[in-house]
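Participant: One structure, pasted below without further comment.
What follows draws every value from the coordinates through simple rules; no lab data is involved. Predicted model only: the values in this text are computed from it and were never measured. Here Cβ is always computed from backbone atoms with ideal geometry, including for glycine, and neighbour counts include all displayed protein chains.
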Ligand code: ATP
């Protein structure tokens, strides 16, 4: 089912939670809404679900206006499934009864059979008669997912569905959820503030800031070609160096970097991704001293001091090239891992 937002603005008193948001989600597409707390992600979900009405603009399902007063479609009639951060399971109902709850309108036998199929699909067949308090966080999340998908919704909306899970479980549940979404083919929006969630689950990432969409694209597009420092920071721990554009380039203590497109004398920020830094034999290259080194398993996280630079240069070095604290090293910076943005572009 196609889902659209057409110039949607949502105000709460003096707060503009959404500002002229337009977004089309294709049938079966999985979109991650990514952004910091308070940027309007949940509000957009609530509008799609119909539990909130927009101040202006329209929500469209299959191209049909479902949000304007004259055409408003109530939440129950939208064919939209919801999964909340806290799972919102009914504590006094068993797993089976919780999942059946989403199947009002089905006959008794059909509701039971459909609920049990959905429960089995998320791997909880043995726990169908258990109550929520008897389940782990991961199991509760699976019940919430089973309840949302059991009626085969055309659209599935998930608000921070993995945020209450520990890291290991999060990976497992995230992969399972993605497989299930692909299998049922529901148009899905997943709200998250975690770029890794967004990159692993979504076909497309929609990045939001202050109630607006600032960039939309595949994970690779957003990572490789962020259109703002804000977007670049979201995906990477940048070392940022203030500088000024001159003759299509910026000069820094680390050398000169191309900055095509920036106006002459424009203040700019050079952002260096940690993986841009490579160790090279000392000689005709940049010299740096290792200030700190943290072993992270597959890589070392290293902070380097470079003459003229008033902050550490953060690097991620493969273990084979590893270094010791206090060591002097030669470094090279990969140009394709360096970004330049005009100042104020956050
Ligand atoms: P989080 O990740 O913390 O859930 P979010 O990106 O989902 O944040 P929203 O919950 O959509 O953000 O909120 C956007 C803005 O609108 C915030 O400033 C919030 O305080 C405000 N807001 C949301 N709902 C209401 C409401 N019912 N009444 C007043 N203000 C609201």
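Participant: Using R₀ = 51 Å, calculate the FRET efficiency as 1/(1 + (r/R₀)^6) where r is the Cβ-Cβ separation of residue 260 and residue 167; round to 0.05.
Facilitator: Result of the calculation: an efficiency of 0.80.
Participant: What ranking do 1, 335, 208, 158 get, fewest neighbouring Cβ atoms within 10 angstrom at the top?
Facilitator: 335, 1, 208, 158
Participant: Return, for the Cα atoms of the chain, the radius of gyration and Dmax in Å, separated by a comma.
Facilitator: 24.4, 79
Participant: Report the FRET efficiency, 1/(1 + (r/R0)^6), for residue 334 and residue 24, where r is their Cβ-Cβ distance and R0 is 25 Å, rounded to 0.05.
Facilitator: Efficiency, from the Cβ-Cβ distance: 0.10.
Participant: Using a Gaussian network model of the chain whose springs link C-alpha atoms within less than 10 Å, name the residue from 86, 171, 336 with the highest mean-square fluctuation.
Facilitator: 336
Participant: For the chain, give me the percentage of DSSP beta bridges that are antiparallel, rounded to the nearest 5 percent.
Facilitator: Here the share of antiparallel DSSP bridges comes out near 75 percent.
Participant: In what order do 167, 204, 11 fall by count of nearby beta-carbon atoms within 10 Å, going from fewest to most?
Facilitator: Sorted ascending by nearby Cβ count, the order is 167, 11, 204.
Participant: What distance in nm separates the simple spin-label points at residue 183 and residue 131, each placed 7 Å from Cα in the Cβ direction?
Facilitator: 3.0
Participant: Let me ask something else. Most fluctuating residue of 79, 107, 138 in a GNM of the chain with Cα springs under 10 Å: which is it?
Facilitator: Highest fluctuation of the listed residues: 107.
Participant: Once the piece of chain linking residue 295 and residue 16 is laid out straight, how much longer is it, given 0.36 nm per residue of separation minus the C-alpha distance between them?
Facilitator: 96.1 nm
Participant: Output the direction-averaged projected area (hull surface divided by four) of the convex hull of the alpha-carbon atoms of the range 67-106, in nm².
Facilitator: 4.1
Participant: Within a 10 angstrom radius of the beta carbon, how do 51, 329 rank from fewest other beta carbons to most?
Facilitator: Ranked by crowding around the Cβ, least crowded first: 51, 329.
Participant: Hey, another quick one. Between 319, 270, 180, which gets the highest mean-square fluctuation from a Gaussian network model of the chain, Cα cutoff 10 Å?
Facilitator: Of 319, 270, 180, the most mobile in the Gaussian network model is 319.
Participant: Counting every Cα pair in the range 19-147, what percent are over 18 Å apart?
Facilitator: 62
Participant: Still on this model: Over the chain, calculate the relative contact order: mean separation of alpha carbon pairs under 8 Å at least 6 apart, over the residue count, as a percent.
Facilitator: Relative contact order of the chain: 16 percent.
Participant: Could you tell me the center-to-center distance, by alpha carbons, between the range 34-101 and the range 105-139 in angstrom?
Facilitator: What the calculation gives is 22 Å, centre to centre.
Participant: Rounded to whole Å and sorted largest first, list the principal axis extents of the Cα atoms in the range 69-223.
Facilitator: Principal extents (largest minus smallest coordinate, Cα): 47, 47, 26 Å.
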